[in-house]
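Below is one structure, written out as structure tokens; comments come after it.
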């Protein structure tokens, strides 16, 4: 199984610490195509310093290959929103994980979309449980 994990990378602090743990957990189900989100050392040498166009083309190729799409949506990101919309439009099952925080509001475009599976978590263990149920339901 190929999993595409999407999460804000630029300008995000809080949730970013959780990405490597989520990715490691997802690996128990198959290949995580976007491991570099949680660990920059996993960026293949050929991908270091890519132009925006090449990053787009690389990521779209991975999106096409993915069986499942999981996104961490606690912080707003145009890129993550774009990927969610693409995944939904192309028939991918989408799980959005959201950790509520004081002073942050979830996007209405995500919260109001009944085609997405939106799950709130407060602990990493709860996020793992949501991932487990989502992936198991798609097997």
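The values are calculated or read from the model by the stated rules, or taken from the named source; none is laboratory data. A quick note: this is a predicted structure, and the numbers were derived from the prediction, not measured. Glycine also receives a Cβ, built like all others from the backbone with ideal geometry; neighbour counts cover every protein chain displayed.
Points to keep in mind about this one:
- Of all residues in region 61-88 being more than 20 Å from residue 19 (Cα to Cα) and out of contact with any helix residue (DSSP H, G or I) (no Cβ under 7 Å at 6 or more places or on another chain), the one that is surrounded by the most Cβ atoms within 10 Å (Cβ to Cβ): 88
- Checking region 74-90 against the condition returns a match, with at least one residue being within 20 Å of residue 129 (Cβ to Cβ) and at pLDDT below 95.
Every residue, every condition in (1) over 18 Å from residue 66 (Cβ atoms); (2) in contact with a helix residue (DSSP H, G or I) (Cβ under 7 Å, 6 or more places away or on another chain); (3) crowded, with 17+ Cβ neighbours inside 10 Å, yes or no:
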| position | (1), (2), (3) |
| --- | --- |
| 90 | no, no, no |
| 94 | no, yes, yes |
| 97 | no, yes, yes |
| 100 | yes, no, no |
| 103 | yes, no, no |
| 116 | no, yes, yes |
| 121 | yes, yes, yes |
| 124 | yes, yes, no |
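- Test for residue 106: is it in contact with a strand residue (DSSP E or B) (Cβ under 6 Å, 6 or more places away or on another chain) and modelled with pLDDT of 95 or more: no
- Of all the numbered requirements in (1) under 20 Å from residue 27 (Cβ atoms); (2) surrounded by fewer than 18 Cβ atoms within 10 Å (Cβ to Cβ); (3) at pLDDT 95 or above, residue 130 misses one, and that requirement is (2).
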